[in-house]
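Enquirer: Got a structure for you, written out below as structure tokens; questions coming shortly.
What follows is calculated from the coordinates using simple rules that are stated; it is not laboratory data. All figures in this text were calculated on a predicted structure; none of them were measured in a lab. No Cβ is skipped: glycine too gets one built from the backbone with ideal geometry, and neighbour counts run over all protein chains shown.
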Amino acid sequence: MEKIRTCINIDRGVWERAGEELPMSRSAFIEKQLRQYLNEEDDEDKIIQELAKYREKENILKEKLCDIRARKNAKAEEDDSFNRVMNTLNRVYETQGGRVGRNQIVRIARHNNVSPDEVEDFLREREYNIVNFCDVSMADIKEAA
């Protein structure tokens, strides 16, 4: 595209103020305004606008991806915590002759940030002998370790 030099008359105050406030050169601004008025689109502006749309879509997709990964990580941590609780309760169950106390379920589950009710339901489904209260002797604790 060939550029030409031309002369136009503009109020001095407007010209100076435009030089201070415009985000681009006065010449570029005037050309852009004339193109808009004449319905001519500048390919560069068009591409810049399209890139902005894609960046916005990319940011939205990145946020969704972060949410999905966060949920996966939370689920994995929850599964690890539940497995730790079950490993501990299995050792307790074996050292106490095939029984486990609700007090132990609650204490161990809460210590691992797991719902005691979920743990107890899981144990009931597997027909564990659950009693209201069980105490573990130091000898049983040493054997479980």
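Enquirer: As a footprinting exposure proxy, order ILE130, ILE8, ILE47 by other Cβ within 10 Å, with the fewest listed first. Mind dumping the intermediate values first?
Expert: On the way: ILE130 16, ILE8 6, ILE47 10.
Taking fewest neighbouring Cβ atoms as first place, the list is ILE8, ILE47, ILE130.
Enquirer: Got a sec to turn the phi values of the stretch 108-122 into Karplus ³J(HN,Hα) couplings, 6.51 cos²θ - 1.76 cosθ + 1.60 with θ = phi - 60°, whole Hz, x for Gly and Pro?
Expert: Calculated HN-Hα couplings, in order: 5, 5, 5, 4, 9, 6, 10, 5, x, 5, 5, 5, 5, 4, 4 Hz.
Enquirer: Sticking with this one: Does anyone have the angle between helix 43-95 and the longest principal axis of the chain? Alpha-carbon axes, 0 to 90°, nearest 10?
Expert: Taking Cα atoms only, the helix is inclined about 10 degrees.
Enquirer: Once you place label points 7 Å from the Cα toward the Cβ at ASN73 and ARG91, how far apart are they in nm?
Expert: 2.8
Enquirer: If you don't mind, there's one more thing I want to ask. Near LYS64, which lysines are there with a Cα under 23 Å away, not counting those fewer than 8 places off in the same chain?
Expert: LYS53, LYS72, LYS75
Enquirer: From the helices alone, meaning DSSP H stretches of at least four residues, give me the mean residue ellipticity at 222 nm for the chain, per-run term -39500 (n - 2.57), in deg cm²/dmol to the nearest 500.
Expert: When only DSSP H runs of four or more count, the value is -23500 deg cm²/dmol.
Enquirer: Here's something else I'd like to know. Once you have the Kirkwood Rh of the chain from its Cα pairs, apply Stokes-Einstein at 4 °C and 1.567 mPa s and quote D in µm²/s.
Expert: This corresponds to a translational diffusion coefficient of 58 µm²/s.
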